[in-house]
1. Given points 7 Å out from each Cα along the Cα-Cβ axis, report the LEU112 to ASP222 separation in nanometres with one decimal.
2. What full-extension length gain, to one decimal in nm, is calculated for ALA143 and LYS120 as 0.36 nm per residue of separation minus the Cα-Cα distance?
3. Are there trypsin sites (Lys or Arg not before Pro) in segment 75-110 that DSSP marks as loop and that have at most 16 other Cβ atoms within 10 Å, and which are they?
4. Would you order TYR219, TYR19 from fewest to most other beta-carbon atoms within 10 Å of each residue's own beta-carbon?
5. Hey, with R₀ at 41 Å, roughly what FRET efficiency would ASP21 and PHE192 work out to, going by the Cβ-Cβ distance, to 0.05?
6. Nearest 0.05, what FRET efficiency do ILE40 and LEU93 give at R0 = 30 Å with Cβ-Cβ as r?
7. Could you work out how much longer the chain between SER245 and ARG169 gets when fully extended? Use 0.36 nm per residue separation minus the Cα distance between them, nm to one decimal.
8. Pop a pseudo-label 7 angstrom from the Cα along the beta-carbon direction at both TRP213 and LEU49 and give the gap in nm to one decimal.
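Only the coordinates and a few stated rules stand behind these numbers; no lab work does. Computed from a predicted structure; not experimentally measured. Note that we place each Cβ from the backbone using ideal geometry, even for glycine, and neighbour counts take in every protein chain shown.
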Amino acid sequence: MIKKPISADSHITEPPHCYVDYIDPEFRNRAPRMERLDKIRDAFVIEGLASPIPMGLVAAAGKDPSRITTHGVAFEAYNRWLREYCGEAPDRLYGLAQVSMRTPEDGVAEILRAKEMGFKGVMMPGNPAVEDYDSTVYDKVWAAAVECDMPLSFHTPTGKSDGLAGQTRGPRINGFLSIIRGCQDVMGTFIFGGVFDRFPGLKVVCVEADAGWVPHYMYRMDHAYKRPRYWMKAPRSSACRAGISGTTFM
């Protein structure tokens, strides 16, 4: 019997030495490093960030491009470590490489490099540094992802529109309920922007965003077609079924 895969929602906590040991030597003195602080204890101190990242909250998924330091070499260090980690059980552990997507050209190179390193997919930033993902400047990126058979994962909270990144109305916990907004906006950008029309073989994964809301989201897409249909040339739920997968909270 074939065992069903279990998603860890792309979470893995890198060890304290990950970036110092695996980053290019010329950037070692600027690499993210672990320090023990009075109030939050062990935390990653990262150049360019005003606040350290507590070890208990460490997750590389969903970082904004503006927070990427040392020109993406920290991502490369993470990917080297992750390849080594998964190499201990390559038939059981499937890692997702981090890509910075600083430019479309960088994105293509990062996907090709991730494929060469043996990764099965990549984790994308929610908001790219150049235009947005429905722009045709990213067509070369989607073509590379299709050619390499590399699904693109977007983790929640993955963008500027989710409840944790933006301003929360009411009690702070209210923002937690809206953290799926970033993934919904990514879905809408790809679907309504015609990305799946141009690249029907492209696969997108919304990670840790639950999935119970997806059928209603698909209904709303088709409703927008049937009512003010001048917005779109065809119903969009079919593109959602074909190109997008989701994982729930573990």
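1. 4.1 nm
2. 6.7 nm
3. ARG92
4. Least to most surrounded, the residues fall as TYR219, TYR19.
5. 0.40
6. Result of the calculation: an efficiency of 0.55.
7. Taking SER245 through ARG169 to full extension adds about 24.4 nm, to one decimal.
8. About 2.5 nm separates the two model spin labels.
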